[in-house]
Each structure stands twice: as C-alpha cells, then as structure tokens.
Amino acid sequence: MTDTDRHPHPHSELDVRTAAVESLLVEKGAITSEQVDAVVEVFEQDLGPMNGARVVARAWVDDAYRQRLLTDGTAAIRELGFGGAEGNIRVVENTDAIHNVIVCTLCSCYPWPVLGLPPNWYKDFAYRSRVVREPRRVLAEMGLQLDDGVELRVWDSSAEIRYMVLPRRPPGTEELSEEQLATVVTRDGMIGVARV
Ligand code: FE
C-alpha cells in the first residue's frame, strides 16, 4: 500500500501546518488533544445555520426582538443562547428596496455562532473578489436575480465584526409558527445569496 492509498486526499499545506501547530502546543502542555476535539465537536454539532434560522424566525414573529437584533445583533443573538467570545455580529435587514450580502474579502470571517462553518465557495478567491466588484452579476450567477431598483449592499466581514443577513419573510407564511418558520430559513438566505 502506498502512502497515496492511505491518504486519498492529499493534505493541503494548511492542514499540515495546523497539525504541526497542534502537536507543538500539545507537546508544550499548552493544550490537550481532548480540548481540541471538544472545540471541533462544537463546530460540527452545536453550530450551524439552524441557530441563525431560529434567530430569523424570532425576528419575523416578534417585532421588539427584531428591533433589538438590528440594534445590537450580538446581544440579541445571545438572548437565544448563541454566541462566542470573539467578535461582534451585526445583522443587516433585507427590505423591498435593499438587499444585503456578506463576504470576507480578506479570508473567511463568518458569523459562525449563527451559521456554523462557511461553505467552500464563501472562502473561494473568486467569490471574495468578485462579489464586491460586480455583486449583481455574482448573485445572478448564483440564481438570485435582483430588480434594478433594488439597492445592493455588500458587507465585508472581519475578525472584529461579522455580518448576518435578516432575510425577508416569504409571502404565504402568515399561518406558520415560529418553529415552522425556522425550518423555512436557509443558510444562503442568511448569507444573502438567495431569497428565502
Ligand atoms: Fe476573514
């Protein structure tokens, strides 16, 4: 058996560097492998767009919550039990006249307490560079056609501030409960590359 057989996906340089840093920190006693596993588990199991969907559903049914969410996203998101130590989250609201989309032009900053880990295309250089230059075209290519009259706002995330889109509540959902509404909300809708 060759090494390639055992590792069908060759490790990227980043994987190798990450593994090297981890083993060094473990060796120096700064962290344990169990701590690293626990963090990974949180990212894999406790974080994900279902958290953001609950935030959006609450905002759709509770106008006071929606106001708090738009004023101080970090605090309002924490009200529902989601948050983390690093960075602030600002929520930007889609309306009939304004459509918001998020990006991190520098790397891959993302509102992970509400959306989990970013999709691969979010980290691609093509998305990061093009969505700021020609957002309307990028969104159209992703299947979202916006009317010419709609103002398009692109929000560039950083380590200090990450953005999340509050999508418009779709028509015909007046009868749905908050729990049912949460199942309607999509990750792409909260990134701003799709309608809900
Ligand atoms: Fe980043």
* Structure fact -> With the first residue restricted to the range 141-153 and required to be in contact (Cβ under 8 Å) with a residue 24 or more places away in the chain, and the second required to be in a loop (DSSP other than H, G, I, E, B) and surrounded by 15 or more Cβ atoms within 10 Å (Cβ to Cβ), Cβ contacts under 8 Å at 6 or more apart or on different chains are Met142/Val193; Met142/Ala194; Gly143/Ala194; Leu144/Val193; Leu144/Ala194; Leu144/Arg195; Leu152/Leu146
* Asked: If Trp121 satisfies every condition in (1) under 25 Å from Leu70 (Cβ atoms); (2) under 20 Å from the mean Cα position of the chain (by Cα) but one, which is the exception?
  -> (1)
* Residue that is surrounded by the fewest Cβ atoms within 10 Å (Cβ to Cβ), among those in the range 80-132 that are basic (Lys, Arg) and more than 14 Å from the ligand (Cβ to nearest atom) -> Arg130
* Pick from Glu174, Glu179, Glu151: which is within 24 Å of Ala75 (Cα to Cα) and surrounded by fewer than 12 Cβ atoms within 10 Å (Cβ to Cβ)? -> Glu179
* Is there a residue being more than 21 Å from Phe43 (Cβ to Cβ) and among the charged types (D, E, K, R) anywhere in the range 91-109? -> yes
* To do: Please determine, by comparing only the residues of the range 147-166 that are within 10 Å of Ile89 (Cα to Cα) and part of a strand (DSSP E or B), which one is nearest to the ligand (Cβ to nearest atom).
  => Arg162
* Structure fact -> When the range 169-196 is checked residue by residue, the ones that are under 19 Å from Ile89 (Cβ atoms), away from the ligand (no atom under 16 Å from the Cβ), of a type outside the set (Gly, Ala, Ser) and at pLDDT 95 or above are Val185, Thr186, Arg187, Asp188, Met190, Val193
* Identify, from the list Gly81, Gly143, the residue that is at pLDDT 95 or above and in a loop (DSSP other than H, G, I, E, B). => Gly143
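The values are calculated or read from the model by the stated rules, or taken from the named source; none is laboratory data. This one's a predicted model, so the numbers in the text were calculated from it and none came from an experiment. So basically every Cβ, Gly included, is an ideal-geometry build from the backbone, and we count neighbours across all protein chains shown.
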